[in-house]
Amino acid sequence: MPQRPPASIAVVGAGVGGCALVASLRRGGWSGPISLWESGRGPGGRTATRRSRRDAGLRIDHGAPLFNINGPAPALLEPLLAGGVIEPWREPRARLDAAGHLHREDSRDPFRAGALYRGVGGMDGLCAGLLALASGVEAHYGVLVCHLAVTPGGGWQLFDRERQLLGEADWLVLAGTLLAHPRSRLLLAWDTVPLKEAAQSLDDPELQHALAALASLRSEARSNLLLVAEGLDAEIWRRCPFRLLRFDAAAEQRWRLSRLSIQPLADGRVAVVAHSSAIFAAEHLSVYGSRSSIARQLGLMPQQQEEMAVIEALSEALQDALADWLEPGLVGRGERQLMRWGAAFPREPGLPEDLLLCRQSQVGFCGDYVAGVGFGRVEGALRSGEGLAAALLKGVQGEPPSPSGSASVAG
């Protein structure tokens, strides 16, 4: 009897969790086809780097400017360090109080405790390095998966906004919550939650449990101000006594800012990223930013007036908060953009680890929203990708797949 081909997997989301998953699968010997689907311009997720085709020197780490590891290192950390795609992070960091005074940063911030690392040449180097450890992955960028369906054989089909087939695979992995969380209906004006709609044809209590747990998850948004300074203005930013600044609770309430990252560029310019507070972002959740890839894919019209109002509000707050280090009007002189980060920080309790894999439905989950060590951070995404890969390799690899077909196909 001829041997059936190894099972195929479609991974939706090329953030750290999805990229860690495919790297771990390949390193563990998974031989089946793997396809990766990402709405952004490239891999990265919360570690994405904004670049420009017209400006080769521009690089803005607009999400996480670094990541930290607490406790035993994930298995993928060593090959990433050995490959030179990440490096230890040793820049100065500080905390700002409501009176505008600086304090030395301490270990109370869960995002800055333990060993600190950053991507070499940009934080997107982390995911690029993970994918370099995973040979033969079929990656699709700039593609928004909007609908899901179960095949008669038990596999999965992925569709775009117009319900045109994008691809299919035996197993489906969501490396993010958008396709399974009710917030997709609010943020993207969808009629249904894609995975919940598709799961109606399945009799799988475990998947229903996972969907209920996912629906209960909450996350905080962020409205991020991105600016690029050059010349003398860039020099002023360089002279600030910190590269990372955290606003404590009282300072965050006063200025409605939570974090600041100063990123010197190789050509002398400086990129600056200011993260709003969760409350500010919730008040402006409908303002995407004119360069949002999802907004373009959904055909949403630019909101120039609303966008500029948010940019000005964040600029004024940043100028006021850093009055001791910046000359008047400095923030407003830079080239400014807005980026809305819809699910920046998941809130506890997260998806229970025992729901990572729903074997009957052939669905898996990974990302920083999974409970466990590193929850809500890059570390958690790394660990969840490794954990899901281990479960798949143990329970699926070598078993005959369902007769749903094999490799993902481009539409």
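Could you tell me which numbered condition Ala73 fails, if it satisfies all but one of (1) assigned to a loop (DSSP other than H, G, I, E, B); (2) in contact with a helix residue (DSSP H, G or I) (Cβ under 7 Å, 6 or more places away or on another chain); (3) aliphatic (A, V, I, L, M)?
(2)
Where the second residue is polar (S, T, N, Q) and the first is touching a residue at least 24 places away in the same chain (Cβ under 8 Å) and lies in the range 228-251, which pairs have Cβ atoms under 6 Å and are six or more apart or on separate chains?
If the second residue must be polar (S, T, N, Q), the pairs left are Leu244/Ser261; Phe247/Ser258.
In contact (Cβ under 8 Å) with a residue 12 or more places away in the chain, over 17 Å from the mean Cα position of the chain (by Cα) and assigned by TED's automatic domain parsing to the domain that holds Ala149: does that describe Val363?
Yes, satisfied.
With Leu285, Leu226, Leu245 as the choices, which residue is over 30 Å from Gln157 (Cα atoms) and surrounded by fewer than 16 Cβ atoms within 10 Å (Cβ to Cβ)?
Testing whether each residue is over 30 Å from Gln157 (Cα atoms) and surrounded by fewer than 16 Cβ atoms within 10 Å (Cβ to Cβ) leaves just Leu285.
For residues in the range 39-64 being touching a residue at least 40 places away in the same chain (Cβ under 8 Å) and more than 12 Å from Asp124 (Cβ to Cβ), which is surrounded by the fewest Cβ atoms within 10 Å (Cβ to Cβ)? Full working, then the answer.
So the first thing to find is which residues in the range 39-64 are touching a residue at least 40 places away in the same chain (Cβ under 8 Å), and the list is 39-51, 57-64.
Narrowing further to those that are more than 12 Å from Asp124 (Cβ to Cβ): 39, 57-58.
Details: Ser39: 22, Gly57: 12, Leu58: 17.
That would be Gly57.
So, in the range 93-145, exactly how many residues are part of a helix (DSSP H, G or I) and either buried (at least 17 other Cβ atoms within 10 Å of the Cβ) or touching a His at 6+ places or on another chain (Cβ under 7 Å) (or both)?
Looking only at that region, the number is 8.
The rows are residues; the columns are (1) out of contact with any strand residue (DSSP E or B) (no Cβ under 8 Å at 6 or more places or on another chain); (2) surrounded by 14 or more Cβ atoms within 10 Å (Cβ to Cβ); (3) among the aliphatic types (A, V, I, L, M).
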{"site": "Gln305", "(1), (2), (3)": "yes, no, no"}
{"site": "Glu312", "(1), (2), (3)": "yes, yes, no"}
{"site": "Leu318", "(1), (2), (3)": "no, yes, yes"}
{"site": "Trp325", "(1), (2), (3)": "yes, yes, no"}
{"site": "Leu330", "(1), (2), (3)": "no, yes, yes"}
{"site": "Glu335", "(1), (2), (3)": "no, no, no"}
{"site": "Leu338", "(1), (2), (3)": "no, yes, yes"}
{"site": "Ala343", "(1), (2), (3)": "no, yes, yes"}
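Checking the conditions here, which among Arg256, Arg239 is in contact with a strand residue (DSSP E or B) (Cβ under 7 Å, 6 or more places away or on another chain) and not hydroxyl-bearing (Ser, Thr, Tyr)?
Exactly one of Arg256, Arg239 is in contact with a strand residue (DSSP E or B) (Cβ under 7 Å, 6 or more places away or on another chain) and not hydroxyl-bearing (Ser, Thr, Tyr), namely Arg256.
The values are calculated or read from the model by the stated rules, or taken from the named source; none is laboratory data. Worth saying up front: this structure is predicted, and the values here are computed from it rather than measured. Every residue, glycine among them, receives a Cβ derived from its backbone with ideal geometry; neighbour counts consider all protein chains shown.
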